[in-house]
Amino acid sequence: MLLWTAIHGSHGIAAAIPREPIAVQIAAGAGVSVFLFRRFLTFLGTLVGASVVVFLVLEVLPGDPALIMLGTEAQADTLAALRKKLGLERPPLERYFDWIGGLVTGSLGMSHTYSVPVANLILERLQVTVPLAAMAITLSTALALALGLYAAARHNRPGDYGVMAFAQLGIAIPGFWFAILLVLLFAVVLGWFSAGGFPGWGDGFWPGFKSLILPASALALAQAAILSRVTRSSVLEVMREDYVRTARAKGLTRRRTLIRHVLRNALIPVVTIMGLQLSNLLTGTIIIESVFHLPGLGRLVFQAISQRDLPVVKDVVVLFAAMVVAINFLVDMLYAAIDPRLRLHDD
Amino acid sequence: MALLEVRDLSVEIATSRGTGFAVRGLNFALERGQTLGIVGESGCGKSMTALALMRLVPENARIGGAILFDGEDLAQADEARLCQIRGNRIAMIFQEPMTSLNPVHTIGRQIAEPLMMHRGLDAASARAEAIRLLDRVGIPEARRRVDSWPHQLSGGQRQRAMIAMALSCGPDILLADEPTTALDVTIQRQILTLIGDLVRDSGMSLILISHDLGVIAETVDSTVVMYGGMAVESGPTARVFAGLAHPYTQGLFAARPQLGQGAGKRLATIAGVVPDLVDLPAGCAFAGRCRLAVQACRVAPPAPQDLGLGHSAACLRLDAAREPAA
């Protein structure tokens with residue numbers, strides 16, 4: 001402060017009165033990279049934690065993985081062979097690091113039931129699940145932002161009530177049931193889409209995309225319903241802020257104020273819920289992929305669990321965990337992109 | 001013709017407890033280049049008056065009367081027309097510089113916004129103009145500061161940035177609603193001096209809203225004292241402060257803290273509280289707190305009495321008020 005006055009006091013208008021101090025400003029670039037680096041460390045730490053938990057639960061806790069996979073009726077020599085194949089006779093720590101090393105290098109071991117490398121299996125299934133999740137989240141976000149903004153702009157008027165009624169319905173309807181209704185209407189009655197299955201991406205973009213439209217809509221409904229409510233209440237809250245009045249006093253129209261000054265400030269809670277929803281969406285695919293007979297990751301983990309294919313379960317679960325953690329990391333970065341105040345003052 | 005003439009302005013607010021009258025029968029006129037102060041305690045309707053002039057009152061509020069700006073009645077103007085006037089010909093600065101700037105836009109962008117909208121400047125020239133304005137309002141290193149976020153500035157600098165934003169389009173009227181209340185005492189003086197300089201240099205008119213009599217006395221040509229949503233006394237500032245005709249103005253004046261008053265001595269107060277705007281008394285709004293009130297005061301709101309030279313006060317007991325308090 002003293003130093004500051006010494007530097008800046010000389011050209012002040014009133015020399016007797018110290019001018020207001022400039023808030024200490026860290027160079028913006030450095031602040032952002034420190035923020036990202038710290039977030040990235042958290043990201044790695046969470047990932048290691050998740051892998052340890054998965055490993056402990058499936059391989060170290062009492063209970064013989066080979067016995068679980070083969071069932072209690074299995075012959076002793078078959079069990080021994082599988083134990084050897086899975087490397088169970090080696091110490092847990094060694095097995096853990098082998099596994100992690102494999103995950104990092106991409107050599108994931110073999111599926112017990114399919115007898116193909118788990119990596120191939122996962123890669124193949126990701127081609128369904130990732131586009132499905134991306135379509136669902138895009139659809140739900142677009143719908144939610146539009147509906148939420150619309151409802152907030154028409155607060156306590158019929159449009160608002162209409163959106164809220166839709167949201168209530170969307171939350172109340174179970175996804176799998178809505179999926180069945182969609183199939184009934186669009187596949188059975190109208191015949192616009194097939195009722196299920198996935199033709200792959202081999203025949204070009206459109207057939208694959210088309211087969212994911214109904215499942216993505218089914219996944220998106222509940223998400224959009226919740227997200228539109230969050231958007232609405234967040235927008236309504238921001239609309240009461242002083243800077244919104246400032247924007248209006250500058251001569252901005254209602255619409256322009258909403259888009260330029262309200263929306264971005266209202267996005268923080270929306271992005272938070274979106275992150276949580278994306279995680280939910282991944283688990284949601286387990287059900288929806290079953291309803292639509294899609295060969296996705298959700299169905300893979302479901303089948304692997306019922307067939308006790310532990311190598312697959314282990315890897316897919318850790319992949320799910322990694323995706324969730326990555327989504328959280330992404331959400332944190334989005335926060336910083338949206339609100340400059342969060343770039344310097346994290347935690 | 002006055003630049004701004006307010007006739008019988010009223011603001012009614014629909015609340016769950018009934019209709020509140022935030023402003024009632026307010027009249028004043030403002031000439032080009034003139035400065036006007038509105039003074040009164042919290043809840044007297046002064047901020048609502050400012051918002052009404054911009055037609056930015058809350059959605060549950062209704063404006064009555066006429067707001068003649070350059071001959072055009074803003075009370076009747078449509079939203080599109082108002083958007084052309086707000087920030088362009090009538091600009092406003094607010095009490096809380098901490099919350100009045102948008103935290104997710106740089107101050108440069110926020111200052112450039114009205115320039116691009118009302119003046120049709122492109123982004124580059126709006127930015128250059130924003131730097132010039134920041135420099136004009138006394139922000140050091142304006143060229144660097146233009147890219148600062150609001151949270152990187154101190155309170156005083158934010159208020160300077162707000163002023164730069166309000167000035168950007170060279171408005172005819174600057175509305176300043178308690179512009180220094182949220183600031184440190186040392187900064188208050190600088191901001192007021194800055195506003196005074198800018199008003200003088202640009203020839204715009206100023207409406208300064210404050211609860212601080214000292215600020216009003218030093219800054220503005222004419223003064224309106226408000227109480228219970230009405231003007232209780234108005235006139236040239238020098239005459240209002242020399243005359244102190246209305247018992248409320250007298251009370252307000254007696255209640256101000258003074259240097260050298262002596263430690264341990266309590267500040268004088270006006271007994272009682274501001275009347276509830278939803279349940280206003282039939283007569284003079286101040287009657288319940290007035291030491292001079294008589295039965296007639298409680299019957300109907302008193303009409304303004306002309307005291308000569310543009311000075312008037314709405315009180316039935318002006319003669320009694322002239323005697324020193326017993």
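If you filter region B:76-131 down to residues that are surrounded by fewer than 21 Cβ atoms within 10 Å (Cβ to Cβ) and in contact with a Cys (Cβ under 7 Å, 6 or more places away or on another chain), you find that the one that is nearest to B:Asp172 (Cα to Cα) is B:Asn88. Answer yes or no as to whether A:Gly191 is touching a strand residue (DSSP E or B) at 6+ places or on another chain (Cβ under 6 Å), in a loop (DSSP other than H, G, I, E, B) and either closer than 27 Å to A:Leu330 by Cβ or not polar (S, T, N, Q) (or both). When the stated conditions are applied, A:Gly191 does not pass them.
Answer with yes or no whether A:Leu214 is of a type outside the set (Ser, Thr, Tyr), away from every other protein chain (no Cβ under 14 Å) and farther than 21 Å from B:Arg109 by Cα. Working first, answer last.
Details: of a type outside the set (Ser, Thr, Tyr): yes; away from every other protein chain (no Cβ under 14 Å): yes; farther than 21 Å from B:Arg109 by Cα: yes.
The answer is yes for A:Leu214.
Tell me the residue from B:Ala282, B:Ala300, B:Ala293 that is of a type in the set (A, V, I, L, M, F, W, C), part of a loop (DSSP other than H, G, I, E, B) and within 16 Å of B:Ala245 (Cα to Cα), please. Break it down into steps so the answer makes sense when it comes.
Numbers: B:Ala282 fails: within 16 Å of B:Ala245 (Cα to Cα); B:Ala300 fails: within 16 Å of B:Ala245 (Cα to Cα).
Checking each option against the conditions leaves just B:Ala293.
When region A:85-99 is filtered for residues that are over 20 Å from A:Asp309 (Cβ atoms) and part of a helix (DSSP H, G or I), the ones remaining, listed by number, are A:Pro92, A:Leu93, A:Glu94, A:Phe97.
Residues are listed down the side, and each one gets a yes or a no for (1) within 30 Å of B:Arg144 (Cα to Cα); (2) at pLDDT 70 or above; (3) not in a loop (DSSP other than H, G, I, E, B):
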| site | (1), (2), (3) |
| --- | --- |
| A:Trp4 | yes, no, yes |
| A:His8 | yes, no, yes |
| A:Ile22 | yes, no, no |
| A:Ile26 | yes, no, no |
| A:Phe35 | yes, yes, yes |
| A:Gly49 | no, yes, yes |
| A:Glu73 | no, yes, no |
| A:Arg83 | no, yes, yes |
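Could you tell me whether A:Leu263 is within 14 Å of another protein chain (Cβ to nearest Cβ) and under 14 Å from the mean Cα position of the chain (by Cα)? The answer is no for A:Leu263.
Could you check, for region A:207-216, whether at least one of its residues is within 20 Å of A:Val271 (Cα to Cα), touching a residue at least 12 places away in the same chain (Cβ under 8 Å) and part of a helix (DSSP H, G or I)?
As a first pass, look at region A:207-216 and keep what is within 20 Å of A:Val271 (Cα to Cα): A:216.
Of the ones still in play, those that are also touching a residue at least 12 places away in the same chain (Cβ under 8 Å) are A:216.
Filter once more, so that each one left must be part of a helix (DSSP H, G or I): A:216.
Checked against the condition, which is being within 20 Å of A:Val271 (Cα to Cα), touching a residue at least 12 places away in the same chain (Cβ under 8 Å) and part of a helix (DSSP H, G or I), region A:207-216 yields at least one hit.
Quick check, is B:Asn88 part of a loop (DSSP other than H, G, I, E, B), facing another protein chain (nearest Cβ under 10 Å) and more than 23 Å from B:Gln188 (Cα to Cα)?
So B:Asn88 passes the test.
Within region B:241-261, how many residues turn out to be in contact with a Gly (Cβ under 9 Å, 6 or more places away or on another chain) and surrounded by 15 or more Cβ atoms within 10 Å (Cβ to Cβ)? Selection size over region B:241-261: 5. Set side by side, the residues B:Leu101, B:Leu133 differ, and just one is among the hydrophobic types (A, V, I, L, M, F, W, C), in contact (Cβ under 8 Å) with a residue 12 or more places away in the chain and more than 13 Å from every other protein chain (Cβ to nearest Cβ), which is B:Leu133.
Scanning region B:9-31 for residues being surrounded by fewer than 16 Cβ atoms within 10 Å (Cβ to Cβ), touching a residue at least 40 places away in the same chain (Cβ under 8 Å) and over 17 Å from the mean Cα position of the chain (by Cα) gives a total of 5. Selection within region A:280-311: residues that are at pLDDT 85 or above and not in a helix (DSSP H, G or I). The member of this set that is nearest to A:Ala179 (Cα to Cα) is A:Phe292. Candidates are the residues of region A:312-345 that are within 14 Å of another protein chain (Cβ to nearest Cβ) and more than 18 Å from A:Gly275 (Cα to Cα); the one that is modelled with the lowest pLDDT is A:His345. If we scan region A:257-275, do we find a residue that is without any contact (Cβ under 8 Å) to a residue 40 or more places away in the chain, basic (Lys, Arg) and either surrounded by 21 or more Cβ atoms within 10 Å (Cβ to Cβ) or at positive phi (or both)? Scanning region A:257-275 turns up no residue that is without any contact (Cβ under 8 Å) to a residue 40 or more places away in the chain, basic (Lys, Arg) and either surrounded by 21 or more Cβ atoms within 10 Å (Cβ to Cβ) or at positive phi (or both).
Checking each residue in region A:213-246 for being among the β-branched types (Val, Ile, Thr), crowded, with 22+ Cβ neighbours inside 10 Å and over 14 Å from B:Thr99 (Cα atoms) picks out A:Thr231, A:Val235.
Any chance region A:237-245 includes a residue that's of a type in the set (D, E, K, R), more than 19 Å from A:Val324 (Cβ to Cβ), touching a helix residue (DSSP H, G or I) at 6+ places or on another chain (Cβ under 6 Å) and outside any helix (DSSP H, G or I)? It would help to see each step written out before you state the result.
Filtering region A:237-245 down to residues of a type in the set (D, E, K, R) leaves A:237, A:240-242, A:245.
Adding the requirement that they be more than 19 Å from A:Val324 (Cβ to Cβ) leaves A:237, A:240-242, A:245.
Of the ones still in play, those that are also touching a helix residue (DSSP H, G or I) at 6+ places or on another chain (Cβ under 6 Å) are A:242.
Retained after the next criterion (residues that are outside any helix (DSSP H, G or I)): none.
Taking every residue of region A:237-245 in turn, none turns out to be of a type in the set (D, E, K, R), more than 19 Å from A:Val324 (Cβ to Cβ), touching a helix residue (DSSP H, G or I) at 6+ places or on another chain (Cβ under 6 Å) and outside any helix (DSSP H, G or I).
Please note which strands (runs of 3 or more DSSP E) are completely contained in region B:1-72 and include at least 2 residues that are under 16 Å from B:Leu206 (Cα atoms) and touching a helix residue (DSSP H, G or I) at 6+ places or on another chain (Cβ under 6 Å).
Working: elements: B:4-15, B:18-30, B:35-39, B:61-69.
It comes to B:35-39.
Of the set (1) at the interface with another protein chain (Cβ under 8 Å from one of its Cβ atoms); (2) surrounded by 23 or more Cβ atoms within 10 Å (Cβ to Cβ); (3) in a helix (DSSP H, G or I), all apply to B:Ala164 but (1). Put simply, of B:Asp201, B:Asp221 the only residue that is without any contact (Cβ under 8 Å) to a residue 40 or more places away in the chain, away from chain A (no Cβ under 13 Å) and either of a type in the set (Asp, Glu) or touching a Phe, Trp or Tyr at 6+ places or on another chain (Cβ under 6 Å) (or both) is B:Asp201.
Of all residues in region B:45-54, one or more are away from chain A (no Cβ under 14 Å), closer than 26 Å to B:Pro236 by Cβ, crowded, with 22+ Cβ neighbours inside 10 Å and modelled with pLDDT under 90.
From the list A:Ala179, A:Ala165, which one is touching a residue at least 40 places away in the same chain (Cβ under 8 Å), within 27 Å of the chain's Cα centre (by Cα) and either assigned to a helix (DSSP H, G or I) or within 28 Å of A:Arg125 (Cα to Cα) (or both)? Walk me through it before giving the result.
Numbers: A:Ala165 fails: touching a residue at least 40 places away in the same chain (Cβ under 8 Å).
After ruling out the rest, the residue left standing is A:Ala179.
Taking every residue in region A:65-77 that is without any contact (Cβ under 8 Å) to a residue 40 or more places away in the chain and pairing it with any residue that is of a type outside the set (A, V, I, L, M), at least 6 positions away or on another chain, the pairs with Cβ-Cβ distances below 6 Å are A:Ala66/A:Arg83. Would you check if B:His246 is touching an Asp or Glu at 6+ places or on another chain (Cβ under 6 Å) and in contact (Cβ under 8 Å) with a residue 60 or more places away in the chain? When the stated conditions are applied, B:His246 passes them.
The values are calculated or read from the model by the stated rules, or taken from the named source; none is laboratory data. Nothing here was measured: the structure is a model prediction, and the numbers come from that model. Please note: Cβ atoms are built from the backbone with ideal geometry, for glycine as well, and neighbour counts cover all protein chains shown.
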